Amino acid sequence: MLQLPKPTHPTKPLVSLAESYELCRRITEKYSKTFYLGTLLMPKAKRQAIWAIYVWCRRTDELVDGPQARLTTPETLDLWEKQLETVFSGVAIEDADVALVDTLEKFPMDIQPFRDMIAGQQMDLYRSRYQTFDELKLYCYRVAGTVGLMSSAVLGLEDGDRSAPWRRNQSVYIPQEEAIDLGIANQLTNILRDVGEDVHRGRIYLPLEDLERFNYSEDDLLKGVNDHRWQALMRFQIERARYYYDSAERGIRALNPDSRWPVWAALLLYQGILDVIEANNYDVFARRAFVPLPKKMLYLPVAWLRSQAL
């Protein structure tokens, strides 16, 4: 079980670096099998770094959605941000922080996306509805688009050959917006997959303006009504999520070659959840959409081909 923040100084001897990375690997494998599969396609140093980032993000999310979420207050998240600042100063507080401190040393990154993610958890403390998509998009950026920014420092960019004099002053394209869009696409997919679970926790992430547009009420949502209105609403939401996946795809070619295959794989594997929702006739109330392992394996050669050709 992931724990609530502790005081911002170590209270016991911490594990070794190797043990910390192994802890992060196990947590990633347990809680995000699809994401974990994509990380296995990365070079060792990069996949370990991504595991460390993932575990910090999961620990942050658990503060609001985990078993002890009822104990979380704004002050809890303030304390968590102070602990983040300590980690960014090079001091590990908990076992998983040992790997993150090492990751920050190998792949320097900005603290702001981490702060923004904490701000997203703050939103979950006081908001359970979003009137417009613009409001929801800000939430999606904070809790997921930030992950794209965090990961960019690890994935690296394609520098190309700039040895020729006429190439030395060429600027390097940084696919920052595309990285954010991939996170937003993933979060929109999570929202569509988890509609049934969220509504029973008192949360509705589908924009209320969209429910109104399709004449579908909150009461219908609570009852799990799957009719022509719901199906039209879901088609609209899935089309929106795919728009963000399409935008994210355009940035992959700018990544370091050893990062393109795993990113393509992760994108296709997660986007596949939308296909399953459609195949289940948009029933996200009684059936949890997931991509079975044999289908996941079929995505890998497709992702490899795209990483080579696109």
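The values are calculated or read from the model by the stated rules, or taken from the named source; none is laboratory data. Please read these numbers as outputs of a predicted model, since none were measured by experiment. So basically every Cβ, Gly included, is an ideal-geometry build from the backbone, and we count neighbours across all protein chains shown. Only protein heavy atoms, including side chains, enter the accessible area calculation; ligands, DNA and RNA are left aside. Shrake-Rupley method; radii C 1.70, N 1.55, O 1.52, S 1.80 Å.
For Val55, the stated conditions hold: it is touching a Ser or Thr at 6+ places or on another chain (Cβ under 8 Å) and either at positive phi or not assigned by the TED database to the domain that holds Tyr270 (or both).
Given the conditions (1) part of a helix (DSSP H, G or I); (2) under 19 Å from Ile180 (Cβ atoms), report the number of the one that Asp110 does not fulfil. Tallying (1) part of a helix (DSSP H, G or I); (2) under 19 Å from Ile180 (Cβ atoms), Asp110 fails exactly one: (1).
A count restricted to the range 256-276 and to residues that are within 15 Å of the chain's Cα centre (by Cα) and either of a type in the set (Val, Ile, Thr) or within 24 Å of Ile238 (Cβ to Cβ) (or both) stands at 10.
From Val98, Val87, which residue is part of a helix (DSSP H, G or I), within 21 Å of Arg47 (Cβ to Cβ), β-branched (Val, Ile, Thr) and without any contact (Cβ under 8 Å) to a residue 60 or more places away in the chain? Before you say what the answer is, go through the steps one by one.
Working: Val98 fails: without any contact (Cβ under 8 Å) to a residue 60 or more places away in the chain.
Result: Val87 is the single residue among Val98, Val87 that is part of a helix (DSSP H, G or I), within 21 Å of Arg47 (Cβ to Cβ), β-branched (Val, Ile, Thr) and without any contact (Cβ under 8 Å) to a residue 60 or more places away in the chain.
Taken together, Leu125, Leu84, Leu104, Leu100 contain a single residue that is among the aliphatic types (A, V, I, L, M) and under 20 Å from Asn190 (Cα atoms), which is Leu125.
Conditions tested, residue by residue: (1) among the aliphatic types (A, V, I, L, M); (2) in the same structural domain as Ser32 (by the TED database); (3) outside any loop (DSSP other than H, G, I, E, B); (4) open to solvent by 50 Å² or more (accessible area, probe 1.4 Å).
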| position | (1), (2), (3), (4) |
| --- | --- |
| Leu211 | yes, no, yes, no |
| Gln231 | no, no, yes, no |
| Ala248 | yes, no, yes, no |
| Gly251 | no, no, yes, no |
| Val263 | yes, no, yes, no |
| Leu267 | yes, no, yes, no |
| Gly272 | no, no, yes, no |
| Asp283 | no, no, no, no |
| Phe290 | no, no, no, yes |
